[in-house]
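Contents: one structure, followed by commentary.
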Amino acid sequence: MSALRRKFGDDYQVVTTSSSSAGLQGQGPQQQPQQQPQQQQLVPRKKRQRFVDKNGRCNVQHGNLGSETSRYLSDLFTTLVDLKWRWNLFIFILTYTVAWLFMASMWWVIAYTRGDLNKAHVGNYTPCVANVYNFPSAFLFFIETEATIGYGYRYITDKCPEGIILFLFQSILGSIVDAFLIGCMFIKMSQPKKRAETLMFSEHSVISMRDGKLTLMFRVGNLRNSHMVSAQIRCKLLKSRQTPEGEFLPLDQLELDVGFSTGADQLFLVSPLTICHVIDAKSPFYDLSQRSMQAEQFEIVVILEGIVETTGMTCQARTSYTEDEVLWGHRFFPVISLEEGFFKVDYSQFHATFEVPTPPYSVKEQEEMLLMSSPLIAPAITNTKERNNSVECLDGIDDISTKLPSKLQKITGREDFPKKLLRMSSTTSEKAYSLGDLPMKLQRISSVPGNSEEKLVSKTTKMLSDPISQSVADLPPKLQKMSGGAARMEGNLPAKLRKMNSDRFT
(Lines give C-alpha, C1' and ligand atoms only; values in the text may rest on other atoms or scores of the structure.)
Protein backbone atom coordinates (compact mmCIF):
# COMPACT_ATOMS: atom_id res chain seq x y z
CA MET A 1 0.00 0.00 0.00
CA SER A 2 2.72 2.45 0.96
CA ALA A 3 4.63 1.59 -2.20
CA LEU A 4 1.59 2.38 -4.32
CA ARG A 5 1.11 5.72 -2.58
CA ARG A 6 4.74 6.59 -3.03
CA LYS A 7 4.48 5.74 -6.70
CA PHE A 8 1.21 7.48 -7.55
CA GLY A 9 0.98 10.08 -4.79
CA ASP A 10 -2.05 11.17 -2.81
CA ASP A 11 -4.15 11.87 -5.91
CA TYR A 12 -5.17 8.22 -6.04
CA GLN A 13 -7.11 6.16 -3.56
CA VAL A 14 -7.24 2.38 -3.21
CA VAL A 15 -10.64 0.80 -3.84
CA THR A 16 -11.38 -2.76 -2.67
CA THR A 17 -13.64 -4.88 -4.89
CA SER A 18 -15.01 -8.38 -4.47
CA SER A 19 -17.23 -10.60 -6.57
CA SER A 20 -19.85 -11.03 -3.89
CA SER A 21 -22.50 -8.36 -3.52
CA ALA A 22 -24.85 -7.38 -0.76
CA GLY A 23 -27.74 -9.14 -2.43
CA LEU A 24 -25.90 -12.44 -2.65
CA GLN A 25 -24.89 -12.28 0.98
CA GLY A 26 -28.52 -12.25 2.01
CA GLN A 27 -29.14 -15.65 0.28
CA GLY A 28 -28.46 -19.13 1.68
CA PRO A 29 -24.96 -20.48 2.10
CA GLN A 30 -25.40 -22.93 -0.79
CA GLN A 31 -26.11 -20.21 -3.33
CA GLN A 32 -23.23 -18.00 -2.28
CA PRO A 33 -20.34 -18.28 -4.71
CA GLN A 34 -16.89 -18.88 -3.40
CA GLN A 35 -15.33 -15.57 -2.52
CA GLN A 36 -12.41 -14.65 -4.66
CA PRO A 37 -9.35 -12.93 -3.21
CA GLN A 38 -9.76 -9.20 -2.95
CA GLN A 39 -8.28 -7.12 -5.72
CA GLN A 40 -6.92 -3.63 -5.45
CA GLN A 41 -7.20 -1.15 -8.25
CA LEU A 42 -6.24 2.47 -8.48
CA VAL A 43 -9.03 4.91 -9.27
CA PRO A 44 -8.16 8.57 -9.86
CA ARG A 45 -9.70 10.83 -7.25
CA LYS A 46 -11.20 13.86 -8.89
CA LYS A 47 -10.30 16.95 -6.91
CA ARG A 48 -11.73 20.33 -7.67
CA GLN A 49 -9.60 22.97 -6.02
CA ARG A 50 -11.81 25.83 -4.99
CA PHE A 51 -10.70 29.40 -4.60
CA VAL A 52 -13.51 30.11 -2.12
CA ASP A 53 -15.12 27.38 -0.03
CA LYS A 54 -18.85 27.05 0.39
CA ASN A 55 -18.56 28.57 3.87
CA GLY A 56 -16.78 31.63 2.46
CA ARG A 57 -13.21 30.81 3.51
CA CYS A 58 -10.60 31.74 0.90
CA ASN A 59 -8.07 29.00 0.10
CA VAL A 60 -5.09 31.32 -0.19
CA GLN A 61 -1.84 31.03 1.74
CA HIS A 62 0.89 33.65 1.67
CA GLY A 63 4.41 32.27 1.55
CA ASN A 64 8.02 33.41 1.09
CA LEU A 65 7.35 36.77 2.69
CA GLY A 66 10.93 37.13 3.91
CA SER A 67 11.47 40.48 5.57
CA GLU A 68 7.88 41.51 4.90
CA THR A 69 6.74 39.66 8.05
CA SER A 70 7.76 42.71 10.10
CA ARG A 71 4.75 44.51 8.65
CA TYR A 72 2.50 42.39 10.87
CA LEU A 73 4.15 43.84 13.97
CA SER A 74 3.62 47.39 12.76
CA ASP A 75 -0.14 46.75 13.01
CA LEU A 76 -0.08 44.63 16.15
CA PHE A 77 -3.69 45.31 17.16
CA THR A 78 -5.11 44.01 13.87
CA THR A 79 -2.73 41.06 13.99
CA LEU A 80 -4.04 40.06 17.42
CA VAL A 81 -7.66 40.47 16.31
CA ASP A 82 -7.08 38.26 13.26
CA LEU A 83 -5.60 35.45 15.37
CA LYS A 84 -7.66 32.45 16.35
CA TRP A 85 -9.43 32.36 19.68
CA ARG A 86 -7.01 29.94 21.32
CA TRP A 87 -4.07 32.19 20.55
CA ASN A 88 -5.96 35.26 21.75
CA LEU A 89 -6.72 33.64 25.10
CA PHE A 90 -3.15 32.43 25.45
CA ILE A 91 -1.74 35.92 24.80
CA PHE A 92 -4.33 37.48 27.12
CA ILE A 93 -3.44 35.23 30.07
CA LEU A 94 0.28 35.33 29.39
CA THR A 95 0.41 39.12 29.22
CA TYR A 96 -1.42 39.65 32.49
CA THR A 97 0.62 36.96 34.26
CA VAL A 98 3.95 38.42 33.17
CA ALA A 99 2.84 41.98 34.04
CA TRP A 100 1.67 40.97 37.50
CA LEU A 101 4.80 38.98 38.30
CA PHE A 102 7.01 41.80 37.05
CA MET A 103 5.31 44.50 39.13
CA ALA A 104 5.16 42.26 42.21
CA SER A 105 8.87 41.62 41.90
CA MET A 106 9.48 45.39 41.70
CA TRP A 107 7.65 45.93 45.00
CA TRP A 108 9.58 43.09 46.57
CA VAL A 109 12.92 44.59 45.37
CA ILE A 110 12.05 47.93 46.98
CA ALA A 111 11.18 46.23 50.27
CA TYR A 112 14.34 44.13 50.12
CA THR A 113 16.69 47.07 49.40
CA ARG A 114 15.18 49.15 52.22
CA GLY A 115 15.36 46.24 54.66
CA ASP A 116 11.62 46.17 55.25
CA LEU A 117 11.55 42.37 55.12
CA ASN A 118 13.65 42.09 58.32
CA LYS A 119 12.37 45.20 60.16
CA ALA A 120 8.68 44.80 59.45
CA HIS A 121 7.89 43.56 62.96
CA VAL A 122 9.79 46.38 64.73
CA GLY A 123 7.35 48.60 66.56
CA ASN A 124 8.76 52.05 65.80
CA TYR A 125 9.86 51.29 62.17
CA THR A 126 7.88 52.67 59.22
CA PRO A 127 8.28 50.47 56.07
CA CYS A 128 7.65 51.52 52.47
CA VAL A 129 4.62 49.25 52.19
CA ALA A 130 2.99 48.16 55.39
CA ASN A 131 2.58 44.43 56.08
CA VAL A 132 4.80 43.28 53.18
CA TYR A 133 7.12 40.60 54.54
CA ASN A 134 7.96 38.43 51.53
CA PHE A 135 7.22 37.95 47.78
CA PRO A 136 3.66 36.53 48.22
CA SER A 137 2.71 39.52 50.34
CA ALA A 138 4.22 41.88 47.70
CA PHE A 139 2.21 40.04 44.97
CA LEU A 140 -1.00 40.40 46.97
CA PHE A 141 -0.36 44.11 47.43
CA PHE A 142 0.05 44.57 43.66
CA ILE A 143 -3.17 42.66 42.91
CA GLU A 144 -5.11 44.72 45.45
CA THR A 145 -3.75 47.93 43.96
CA GLU A 146 -4.23 46.92 40.31
CA ALA A 147 -7.76 45.59 40.80
CA THR A 148 -8.63 48.52 43.14
CA ILE A 149 -9.83 46.06 45.76
CA GLY A 150 -8.27 47.88 48.75
CA TYR A 151 -8.64 45.57 51.73
CA GLY A 152 -6.90 48.21 53.91
CA TYR A 153 -4.31 45.87 55.40
CA ARG A 154 -1.44 46.70 52.99
CA TYR A 155 -0.80 50.31 51.98
CA ILE A 156 1.98 52.71 50.92
CA THR A 157 3.45 55.06 53.50
CA ASP A 158 4.76 58.59 52.96
CA LYS A 159 8.31 57.58 53.92
CA CYS A 160 8.93 55.86 50.56
CA PRO A 161 9.31 58.21 47.52
CA GLU A 162 10.46 55.35 45.26
CA GLY A 163 7.26 53.49 46.13
CA ILE A 164 5.15 56.46 45.07
CA ILE A 165 6.95 56.66 41.72
CA LEU A 166 6.46 52.91 41.18
CA PHE A 167 2.80 53.26 42.05
CA LEU A 168 2.32 55.92 39.36
CA PHE A 169 4.15 53.76 36.80
CA GLN A 170 2.01 50.77 37.77
CA SER A 171 -1.21 52.73 37.26
CA ILE A 172 -0.20 53.98 33.81
CA LEU A 173 1.12 50.60 32.65
CA GLY A 174 -1.96 48.79 33.94
CA SER A 175 -4.30 51.15 32.10
CA ILE A 176 -2.42 50.62 28.82
CA VAL A 177 -2.42 46.84 29.15
CA ASP A 178 -6.10 46.77 30.07
CA ALA A 179 -7.08 49.00 27.17
CA PHE A 180 -5.06 46.98 24.68
CA LEU A 181 -6.06 43.47 25.72
CA ILE A 182 -9.65 44.16 26.73
CA GLY A 183 -10.20 46.20 23.56
CA CYS A 184 -8.74 43.39 21.47
CA MET A 185 -11.04 40.84 23.10
CA PHE A 186 -14.07 43.11 22.72
CA ILE A 187 -13.44 43.65 19.00
CA LYS A 188 -12.83 39.94 18.58
CA MET A 189 -16.15 39.08 20.22
CA SER A 190 -18.14 41.76 18.40
CA GLN A 191 -16.95 40.83 14.91
CA PRO A 192 -19.93 40.16 12.60
CA LYS A 193 -18.40 37.01 11.12
CA LYS A 194 -20.84 34.80 12.98
CA ARG A 195 -23.70 36.88 11.61
CA ALA A 196 -22.78 35.49 8.21
CA GLU A 197 -23.61 32.00 9.50
CA THR A 198 -27.30 32.91 9.43
CA LEU A 199 -27.13 34.09 5.80
CA MET A 200 -27.88 31.19 3.47
CA PHE A 201 -26.94 30.51 -0.13
CA SER A 202 -28.41 27.76 -2.29
CA GLU A 203 -26.21 24.72 -2.77
CA HIS A 204 -26.54 24.93 -6.55
CA SER A 205 -27.07 27.61 -9.13
CA VAL A 206 -29.36 27.00 -12.09
CA ILE A 207 -29.61 28.10 -15.72
CA SER A 208 -33.04 28.32 -17.32
CA MET A 209 -35.30 30.67 -19.25
CA ARG A 210 -36.82 33.65 -17.45
CA ASP A 211 -38.78 36.37 -19.27
CA GLY A 212 -37.68 34.87 -22.59
CA LYS A 213 -33.94 35.14 -21.77
CA LEU A 214 -31.42 32.55 -20.70
CA THR A 215 -30.60 33.40 -17.07
CA LEU A 216 -28.18 32.20 -14.40
CA MET A 217 -29.90 32.14 -10.99
CA PHE A 218 -29.10 31.32 -7.36
CA ARG A 219 -30.92 31.93 -4.09
CA VAL A 220 -30.04 33.83 -0.89
CA GLY A 221 -31.87 33.95 2.43
CA ASN A 222 -31.72 35.44 5.93
CA LEU A 223 -32.54 33.19 8.88
CA ARG A 224 -32.80 35.97 11.46
CA ASN A 225 -35.66 38.37 11.99
CA SER A 226 -33.20 41.28 12.21
CA HIS A 227 -32.65 42.81 8.81
CA MET A 228 -29.50 43.45 6.83
CA VAL A 229 -29.47 47.18 6.17
CA SER A 230 -28.27 48.31 2.70
CA ALA A 231 -27.68 44.74 1.56
CA GLN A 232 -25.83 44.53 -1.74
CA ILE A 233 -24.71 41.52 -3.75
CA ARG A 234 -21.89 41.10 -6.25
CA CYS A 235 -20.68 38.21 -8.40
CA LYS A 236 -17.24 37.44 -9.79
CA LEU A 237 -16.32 34.86 -12.40
CA LEU A 238 -12.90 33.26 -11.81
CA LYS A 239 -11.53 31.62 -14.92
CA SER A 240 -8.03 31.15 -16.26
CA ARG A 241 -7.45 32.45 -19.77
CA GLN A 242 -4.71 33.34 -22.21
CA THR A 243 -4.46 36.73 -23.90
CA PRO A 244 -3.85 37.13 -27.66
CA GLU A 245 -0.29 38.16 -26.77
CA GLY A 246 0.32 34.79 -25.13
CA GLU A 247 0.12 35.91 -21.50
CA PHE A 248 -1.51 33.38 -19.17
CA LEU A 249 -3.84 34.87 -16.54
CA PRO A 250 -4.63 32.40 -13.76
CA LEU A 251 -7.92 33.02 -11.98
CA ASP A 252 -8.82 36.07 -14.03
CA GLN A 253 -11.71 37.92 -12.40
CA LEU A 254 -14.67 39.03 -14.50
CA GLU A 255 -17.72 40.88 -13.24
CA LEU A 256 -21.16 39.27 -13.58
CA ASP A 257 -23.96 41.80 -13.86
CA VAL A 258 -26.71 40.97 -11.35
CA GLY A 259 -28.66 44.19 -11.82
CA PHE A 260 -26.14 46.93 -11.19
CA SER A 261 -27.61 49.17 -13.90
CA THR A 262 -31.22 48.62 -12.78
CA GLY A 263 -30.63 48.61 -9.01
CA ALA A 264 -31.57 44.96 -8.62
CA ASP A 265 -28.33 44.31 -6.73
CA GLN A 266 -29.70 46.34 -3.78
CA LEU A 267 -31.60 43.73 -1.77
CA PHE A 268 -34.47 43.96 0.69
CA LEU A 269 -33.52 40.69 2.33
CA VAL A 270 -36.59 39.88 4.41
CA SER A 271 -37.48 36.65 2.62
CA PRO A 272 -35.41 34.41 0.30
CA LEU A 273 -34.61 36.08 -3.01
CA THR A 274 -33.49 34.67 -6.35
CA ILE A 275 -30.57 36.56 -7.84
CA CYS A 276 -30.50 36.63 -11.65
CA HIS A 277 -27.75 37.21 -14.19
CA VAL A 278 -29.11 37.60 -17.73
CA ILE A 279 -26.86 35.90 -20.28
CA ASP A 280 -26.50 38.23 -23.27
CA ALA A 281 -23.77 39.46 -25.61
CA LYS A 282 -22.04 41.30 -22.73
CA SER A 283 -22.04 38.27 -20.43
CA PRO A 284 -18.96 36.01 -20.10
CA PHE A 285 -21.36 33.07 -20.58
CA TYR A 286 -22.40 34.25 -24.06
CA ASP A 287 -20.78 31.17 -25.67
CA LEU A 288 -21.72 28.73 -22.89
CA SER A 289 -23.99 25.84 -23.82
CA GLN A 290 -25.03 22.71 -21.98
CA ARG A 291 -22.49 20.65 -23.87
CA SER A 292 -19.58 23.08 -23.57
CA MET A 293 -20.17 23.53 -19.84
CA GLN A 294 -19.01 19.96 -19.25
CA ALA A 295 -15.56 20.87 -20.54
CA GLU A 296 -15.33 24.28 -18.89
CA GLN A 297 -13.60 25.06 -15.60
CA PHE A 298 -14.75 28.17 -13.78
CA GLU A 299 -15.89 29.35 -10.38
CA ILE A 300 -18.58 31.88 -9.56
CA VAL A 301 -17.87 33.79 -6.34
CA VAL A 302 -20.87 35.43 -4.67
CA ILE A 303 -20.33 38.25 -2.15
CA LEU A 304 -23.21 39.55 -0.01
CA GLU A 305 -22.55 42.68 2.06
CA GLY A 306 -24.74 44.58 4.47
CA ILE A 307 -24.93 46.38 7.81
CA VAL A 308 -26.07 44.38 10.82
CA GLU A 309 -29.12 46.11 12.22
CA THR A 310 -28.38 45.31 15.88
CA THR A 311 -24.68 46.30 15.98
CA GLY A 312 -24.29 48.67 13.01
CA MET A 313 -21.21 46.80 11.77
CA THR A 314 -20.63 45.70 8.20
CA CYS A 315 -21.07 41.99 7.55
CA GLN A 316 -19.91 40.07 4.50
CA ALA A 317 -20.98 36.56 3.50
CA ARG A 318 -19.34 34.63 0.68
CA THR A 319 -19.80 31.41 -1.23
CA SER A 320 -18.91 29.98 -4.62
CA TYR A 321 -20.27 27.71 -7.35
CA THR A 322 -18.08 25.57 -9.58
CA GLU A 323 -19.09 24.29 -12.99
CA ASP A 324 -20.27 21.03 -11.37
CA GLU A 325 -22.69 22.95 -9.17
CA VAL A 326 -24.45 24.75 -12.04
CA LEU A 327 -27.59 22.85 -13.10
CA TRP A 328 -28.71 23.41 -16.69
CA GLY A 329 -32.45 23.42 -17.23
CA HIS A 330 -33.50 23.65 -13.56
CA ARG A 331 -35.55 26.06 -11.50
CA PHE A 332 -35.96 26.64 -7.77
CA PHE A 333 -39.03 25.53 -5.86
CA PRO A 334 -41.15 28.35 -4.40
CA VAL A 335 -40.71 28.66 -0.64
CA ILE A 336 -43.14 31.45 0.28
CA SER A 337 -46.78 30.71 1.04
CA LEU A 338 -49.60 32.94 2.26
CA GLU A 339 -51.02 32.07 5.67
CA GLU A 340 -53.63 33.81 7.78
CA GLY A 341 -52.17 37.21 8.48
CA PHE A 342 -48.55 36.53 7.49
CA PHE A 343 -46.27 35.00 4.88
CA LYS A 344 -44.57 31.71 5.72
CA VAL A 345 -41.13 30.70 4.43
CA ASP A 346 -40.47 26.98 4.10
CA TYR A 347 -36.70 26.56 4.31
CA SER A 348 -36.96 22.81 3.70
CA GLN A 349 -37.36 23.62 -0.02
CA PHE A 350 -34.67 26.30 -0.05
CA HIS A 351 -32.14 24.19 -1.97
CA ALA A 352 -34.66 22.11 -3.97
CA THR A 353 -34.85 22.45 -7.77
CA PHE A 354 -36.88 20.87 -10.57
CA GLU A 355 -36.28 20.47 -14.29
CA VAL A 356 -37.87 22.79 -16.84
CA PRO A 357 -37.66 22.84 -20.67
CA THR A 358 -34.54 24.81 -21.59
CA PRO A 359 -32.74 24.95 -24.97
CA PRO A 360 -29.31 23.30 -24.71
CA TYR A 361 -27.72 25.92 -26.96
CA SER A 362 -25.81 29.00 -26.01
CA VAL A 363 -27.21 32.49 -26.54
CA LYS A 364 -24.80 33.01 -29.42
CA GLU A 365 -25.97 29.83 -31.14
CA GLN A 366 -29.62 30.76 -30.60
CA GLU A 367 -29.09 34.17 -32.21
CA GLU A 368 -27.31 32.61 -35.19
CA MET A 369 -30.13 30.09 -35.70
CA LEU A 370 -32.69 32.89 -35.45
CA LEU A 371 -30.89 34.89 -38.14
CA MET A 372 -30.63 31.89 -40.45
CA SER A 373 -34.33 31.10 -40.07
CA SER A 374 -35.44 34.70 -40.82
CA PRO A 375 -37.20 35.01 -44.28
CA LEU A 376 -35.85 38.52 -44.91
CA ILE A 377 -32.25 37.34 -45.15
CA ALA A 378 -32.52 35.10 -48.24
CA PRO A 379 -33.56 37.75 -50.90
CA ALA A 380 -30.74 40.04 -49.84
CA ILE A 381 -28.19 37.24 -50.19
CA THR A 382 -29.41 36.26 -53.69
CA ASN A 383 -29.49 39.88 -54.85
CA THR A 384 -25.91 40.47 -53.81
CA LYS A 385 -24.80 37.32 -55.63
CA GLU A 386 -26.61 38.29 -58.86
CA ARG A 387 -25.21 41.81 -58.73
CA ASN A 388 -21.73 40.47 -58.40
CA ASN A 389 -22.32 38.18 -61.39
CA SER A 390 -23.59 41.10 -63.49
CA VAL A 391 -20.55 43.19 -62.65
CA GLU A 392 -18.29 40.30 -63.67
CA CYS A 393 -20.15 39.99 -66.99
CA LEU A 394 -19.71 43.72 -67.62
CA ASP A 395 -16.01 43.48 -67.03
CA GLY A 396 -15.76 40.54 -69.42
CA ILE A 397 -17.66 42.37 -72.18
CA ASP A 398 -15.46 45.43 -71.70
CA ASP A 399 -12.40 43.29 -72.20
CA ILE A 400 -13.85 41.74 -75.39
CA SER A 401 -14.79 45.14 -76.83
CA THR A 402 -11.30 46.49 -76.28
CA LYS A 403 -9.83 43.52 -78.11
CA LEU A 404 -11.88 44.17 -81.30
CA PRO A 405 -10.22 45.88 -84.31
CA SER A 406 -10.66 49.61 -84.70
CA LYS A 407 -12.80 49.20 -87.85
CA LEU A 408 -15.28 46.97 -86.04
CA GLN A 409 -15.36 49.36 -83.13
CA LYS A 410 -16.22 52.21 -85.58
CA ILE A 411 -18.91 50.05 -87.19
CA THR A 412 -20.54 49.41 -83.83
CA GLY A 413 -20.52 53.15 -83.20
CA ARG A 414 -18.78 54.85 -80.35
CA GLU A 415 -16.33 52.73 -78.39
CA ASP A 416 -18.01 53.19 -75.06
CA PHE A 417 -21.51 52.41 -76.37
CA PRO A 418 -21.70 48.73 -75.29
CA LYS A 419 -20.39 49.65 -71.86
CA LYS A 420 -23.05 52.31 -71.35
CA LEU A 421 -25.75 50.03 -72.67
CA LEU A 422 -24.76 47.23 -70.32
CA ARG A 423 -24.53 49.59 -67.43
CA MET A 424 -28.04 50.80 -68.16
CA SER A 425 -29.22 47.19 -68.22
CA SER A 426 -27.40 46.48 -64.99
CA THR A 427 -29.06 49.44 -63.31
CA THR A 428 -32.48 48.21 -64.41
CA SER A 429 -31.67 44.76 -63.02
CA GLU A 430 -30.53 46.36 -59.80
CA LYS A 431 -33.81 48.23 -59.67
CA ALA A 432 -35.61 44.93 -60.10
CA TYR A 433 -33.58 43.38 -57.32
CA SER A 434 -34.16 46.35 -55.11
CA LEU A 435 -37.89 45.89 -55.56
CA GLY A 436 -37.48 42.43 -54.07
CA ASP A 437 -36.00 43.96 -50.93
CA LEU A 438 -38.91 46.39 -50.52
CA PRO A 439 -41.99 45.56 -48.41
CA MET A 440 -44.96 43.92 -50.12
CA LYS A 441 -47.03 47.14 -50.24
CA LEU A 442 -44.33 49.04 -52.09
CA GLN A 443 -43.84 46.12 -54.50
CA ARG A 444 -47.55 46.16 -55.34
CA ILE A 445 -47.44 49.91 -56.00
CA SER A 446 -44.42 49.51 -58.28
CA SER A 447 -46.08 46.66 -60.19
CA VAL A 448 -49.13 48.75 -61.25
CA PRO A 449 -49.47 48.84 -65.13
CA GLY A 450 -49.61 52.61 -65.10
CA ASN A 451 -46.07 52.72 -63.76
CA SER A 452 -44.49 50.72 -66.56
CA GLU A 453 -41.02 51.37 -67.93
CA GLU A 454 -42.44 52.56 -71.32
CA LYS A 455 -43.96 55.59 -69.65
CA LEU A 456 -40.68 56.24 -67.93
CA VAL A 457 -38.88 56.18 -71.30
CA SER A 458 -41.41 58.56 -72.84
CA LYS A 459 -40.98 60.89 -69.92
CA THR A 460 -37.22 60.90 -70.33
CA THR A 461 -37.43 61.68 -74.05
CA LYS A 462 -39.85 64.47 -73.34
CA MET A 463 -37.47 65.85 -70.71
CA LEU A 464 -34.62 65.76 -73.25
CA SER A 465 -36.65 67.58 -75.91
CA ASP A 466 -38.05 70.22 -73.57
CA PRO A 467 -34.73 72.05 -72.99
CA ILE A 468 -34.20 72.48 -76.79
CA SER A 469 -37.65 73.96 -77.30
CA GLN A 470 -37.23 76.13 -74.24
CA SER A 471 -33.86 77.39 -75.47
CA VAL A 472 -35.41 78.45 -78.84
CA ALA A 473 -38.30 80.09 -77.07
CA ASP A 474 -35.94 82.09 -74.92
CA LEU A 475 -34.26 83.71 -77.98
CA PRO A 476 -35.20 87.26 -79.07
CA PRO A 477 -37.91 87.58 -81.73
CA LYS A 478 -35.46 88.57 -84.47
CA LEU A 479 -33.28 85.52 -83.85
CA GLN A 480 -36.36 83.31 -83.71
CA LYS A 481 -37.42 84.67 -87.14
CA MET A 482 -33.92 84.15 -88.47
CA SER A 483 -33.89 80.58 -87.26
CA GLY A 484 -37.30 80.04 -88.77
CA GLY A 485 -36.23 81.69 -92.01
CA ALA A 486 -33.08 79.60 -92.18
CA ALA A 487 -35.20 76.52 -91.89
CA ARG A 488 -37.45 77.75 -94.73
CA MET A 489 -34.45 78.67 -96.89
CA GLU A 490 -32.96 75.22 -96.36
CA GLY A 491 -36.23 73.71 -97.46
CA ASN A 492 -36.17 75.78 -100.69
CA LEU A 493 -32.58 74.84 -101.69
CA PRO A 494 -31.93 72.51 -104.64
CA ALA A 495 -31.08 68.86 -104.03
CA LYS A 496 -27.31 69.25 -104.82
CA LEU A 497 -26.92 72.13 -102.36
CA ARG A 498 -28.77 70.19 -99.69
CA LYS A 499 -26.40 67.23 -100.26
CA MET A 500 -23.32 69.44 -100.09
CA ASN A 501 -24.61 71.06 -96.91
CA SER A 502 -25.30 67.75 -95.28
CA ASP A 503 -21.87 66.34 -96.30
CA ARG A 504 -20.18 69.38 -94.74
CA PHE A 505 -21.87 68.90 -91.36
CA THR A 506 -21.38 65.13 -91.27
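The values are calculated or read from the model by the stated rules, or taken from the named source; none is laboratory data. Every value quoted in this text rests on a predicted model; they were computed, and no experiment measured them. With ideal geometry, Cβ positions are generated from the backbone for all residues, glycine too; neighbour counts draw on all protein chains shown. We work out accessible area using only protein heavy atoms, side chains counted, and drop any ligands, DNA or RNA first. Shrake-Rupley method; radii C 1.70, N 1.55, O 1.52, S 1.80 Å.
Sort the following peptides by mean Cβ neighbour count (other Cβ atoms within 10 Å, averaged over residues), highest first: 334-340, 160-166.
In descending order of packing, they fall as 160-166, 334-340.
Counting just the Cα atoms, what span does the stretch 194-369 cover along each of its three principal axes? Round to the nearest Å and put the largest first.
Principal extents (Cα only, largest first): 55, 36, 28 Å.
Please calculate how many Å² of accessible area the stretch 61-164 carries per residue, with a 1.4 Å probe and no DNA, RNA or ligand atoms counted.
Roughly 69 Å² per residue, with all protein chains present.
Kindly rank 235-245, 129-139 from highest to lowest mean number of other beta carbons found within 10 Å of each residue.
So the order, starting with the most tightly packed, is 129-139, 235-245.
Could you give the spread of the C-alpha atoms of the stretch 254-327 along their three principal axes, from largest to smallest, in whole angstroms?
In descending order, the Cα extents are 47, 25, 23 Å.
Ignoring ligands, DNA and RNA, what percent of the accessible area of the stretch 73-227 is carbon or sulfur (1.4 Å)?
66
Below 8 Å, C-alpha to C-alpha, sequence gap of six or more: please give me the relative contact order for the stretch 82-191 in percent.
Computed value for the stretch 82-191: 24 percent relative contact order.
So, by mean Cβ neighbours within 10 angstrom, what's the order for 64-73, 219-228 with the highest one leading?
By packing density, highest mean first, the sequence is 219-228, 64-73.
Kindly flag which residue pairs out of 213/344; 193/344; 194/239; 213/282 have an alpha-carbon separation exceeding 25 Å in this structure.
Distance filter (> 25 Å) returns 213/344; 193/344; 194/239.
For residue 176 and residue 193, compute 0.36 nm times the residue count separating them, minus their Cα-Cα distance, and round to one decimal in nm.
3.4 nm
Using alpha-carbon pairs under 8 Å, 6+ residues apart, how would you state the relative contact order of the stretch 194-369 in percent?
27
Taking every eigenvalue of the Cα gyration tensor of the stretch 82-191, multiplying by 5 and rooting it, what semi-axes result, largest first, whole Å?
Listed largest to smallest, the semi-axes of the stretch 82-191 are 33, 13, 11 Å.
Suppose each label sits 7 Å from its Cα in the direction of the beta carbon; what would the residue 64-residue 372 distance come out to in nanometres?
Calculated label separation equals 5.0 nm.
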